[in-house]
Amino acid sequence: MNKKLFVLLIALMSLSLLGIVFVQGYWISNAYRTKADQFTINAKQVLLSVSKEIKLREINKYYQLYVPYVDSIQVPDNVSFTELAYRVQNKATNETYFFTDGILEQDYKLSAGLFDAESDSIQFKKLTNRKTKTKVSEGIDGVTTTETRVESFSRMKDYEQNQFESFVSNITALTPIYKRVSASEISEMIAREIKERGLNSKFEFAIYSNTMETKVRSKKFKYDAESTYMVPLFGNENDNGYELYVNFSEKEKFVLNSILGMAILSLVFTSVIILAYSSAISQIYKQRQISQIKSDFINNMTHEFKTPIATINLALDSLKNPKVKDNQEFLTRYLGMIRDENKRMHAQVENVLRISKLEKNELDLPKERVSLHEIVEDSISHVSLIVEDRGGYIHTHFGALKSTVLANESHLGNVIVNLLDNAVKYTEGEPKIDIYTENVKNSVILKIRDQGIGMSKPVQKKIFDKFYREHTGDIHNVKGHGLGLAYVKQILADHDAQIYVESEKGKGSTFILKLHLIS
């Protein structure tokens with residue numbers, strides 16, 4: 001895939017994912033605000049209901065004293081009657097209707113002591129409404145008949161109630177608030193109201209008078225602008241300025257719980273999408289890297305096979321020459337070249353197959369007690385001629401007193417030879433290699449240090465990946481196909497051993513192996 005198109009697709013997918021996350025965040029935030037507003041509305045309705053009930057309870061308390069007392073007075077202080085009358089005549093039937101609507105007013109003076117008021121007496125009116133309908137009919141024989149019917153006769157209690165409420169407001173305005181309503185009554189009323197409205201939140205309350213706190217309050221009340229609501233009491237009568245404050249301390253918890261289920265599901269699904277997206281991007285990126293690495297591997301393998309194939313072809317062509325056929329020395333030489341180049345190609349193929357078997361856990365590695373020092377000495381013999389030919393050296397510094405490990409001698413030897421071979425290949429001048437061993441607790445540490453070209457930090461993180469080779473402009477300047485260190489890593493992992501690398505560009509590299517000792 002074209003690199004620019006790949007980057008564009010990733011950018012568009014990332015923007016889409018960010019859009020989804022933003023929408024989910026906005027939805028959750030909006031749902032929280034909506035639930036918070038709904039809580040506020042319900043809380044204010046609770047306070048209004050409580051305020052109304054407090055006022056009605058107080059009025060009913062006095063009214064229950066007033067009604068029996070008024071009804072017990074037989075003779076009012078003053079009586080007046082006002083009546084409105086009007087006539088409707090129907091000439092077709094010779095019928096005439098008379099309607100009356102009268103109000104009987106009875107004035108009483110009640111003792112103020114009944115209500116604990118300071119004045120001597122209180123003036124009250126008792127109103128009774130009377131409505132009648134009279135029909136006058138004149139017959140053919142000239143006889144007139146009259147029929148009267150009372151339509152309604154009722155006491156006007158609404159007027160009396162309003163009159164009474166006004167009176168109660170005047171006398172209770174002088175009464176301390178703690179005598180008018182108790183904290184337990186308020187708590188009971190609030191608890192009942194919030195239960196009816198489904199507001200499952202703890203609450204604390206207090207009554208204020210002109211911004212001053214009164215005795216009527218709950219023990220733990222604290223004012224909080226976010227969760228405290230206020231409602232006037234008694235209509236702010238006579239400038240007392242009574243206000244009921246209620247703090248719903250669990251408001252935020254209640255609101256969060258109301259959207260928690262959907263919010264968690266939304267976050268879970270969004271997280272799944274993000275994880276799936278991240279995994280997909282990671283896999284795409286890795287596949288792209290693998291594709292590039294495999295392409296480099298094929299190029300390297302092709303280059304590695306070209307030389308032996310060309311050598312074999314030349315040797316075969318030379319063997320066709322009659323002069324060579326008769327010369328045993330040349331015949332032996334060319335046949336040896338063919339055999340060596342064939343072994344070289346076979347070794348490369350075996351290396352690839354060995355890595356594949358290691359990854360599938362199909363390679364059987366029988367292990368036995370071996371001396372690490374002896375394996376190192378044997379491995380050095382495989383590369384010593386090449387090192388000496390280039391004017392270099394391999395020095396050993398065996399500081400470990402114990403070096404017996406449980407290992408497969410052949411494969412562990414291949415590991416060390418591989419590391420030594422790399423130290424030679426990646427040194428531009430004379431190969432200078434130092435090998436150290438030391439004991440650390442129950443382990444033996446093997447360090448192979450060279451003074452070669454070294455490597456950068458990013459390269460150090462990838463050198464043990466299969467097929468990886470550092471790009472240096474010409475990928476064939478050092479022969480290989482990126483399988484050596486991958487093989488080393490796999491073999492050491494099978495031995496429950498570890499390998500690290502310390503390197504600096506231009507100053508060489510040190511490969512550190514840590515293996516478990518056996519007694």
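List of remarks:
- Put simply, the C-alpha atoms of region 364-440 give a gyration tensor, and the ellipsoid matching it has half-axes of 24, 15, 9 Å, longest first.
- 3J(HN,Hα) along region 199-205, derived from phi through the Karplus expression 6.51 cos²θ - 1.76 cosθ + 1.60 where θ = phi - 60°, amounts to 8, 7, 9, 5, 9, 10, 9 Hz, with x in place of Gly and Pro.
- Net length gained if the chain between N257 and V459 were fully extended (0.36 nm per residue, minus Cα distance): 67.6 nm
- For region 419-431, the Karplus equation 6.51 cos²θ - 1.76 cosθ + 1.60, evaluated at θ = phi - 60°, returns couplings of 5, 5, 4, 5, 4, 6, 4, 9, 10, 6, x, 7, x Hz by residue, with Gly and Pro reported as x.
- Anisotropy class of region 1-68 from Cα gyration tensor, a/c 1.5 cut: prolate
- Cβ-based net charge around S519, under 12 Å, with every Lys or Arg adding one and every Asp or Glu removing one: +2
- Around the amide H of E95, modelled in the peptide plane, lie the amide H atoms of N90, all under 5 Å away and 5 or more residues distant in sequence or on another chain.
- Cut-off under 5 Å, modelled amide H: who pairs with S443 long-range: L517
- Gyration tensor verdict on region 180-253 (Cα atoms; rounded if a/c is under 1.5, prolate if a/b is larger than b/c, oblate otherwise): prolate
- Integer Hz, Karplus 6.51/-1.76/1.60 couplings in order for region 274-289, x for Gly and Pro: 5, 5, 5, 5, 4, 5, 5, 4, 4, 5, 4, 5, 5, 4, 5, 5
Only the coordinates and a few stated rules stand behind these numbers; no lab work does. Everything quoted here is computed from the prediction, not taken from an experiment. All Cβ positions, glycine included, derive from the backbone under ideal geometry; neighbour counts span all protein chains shown.
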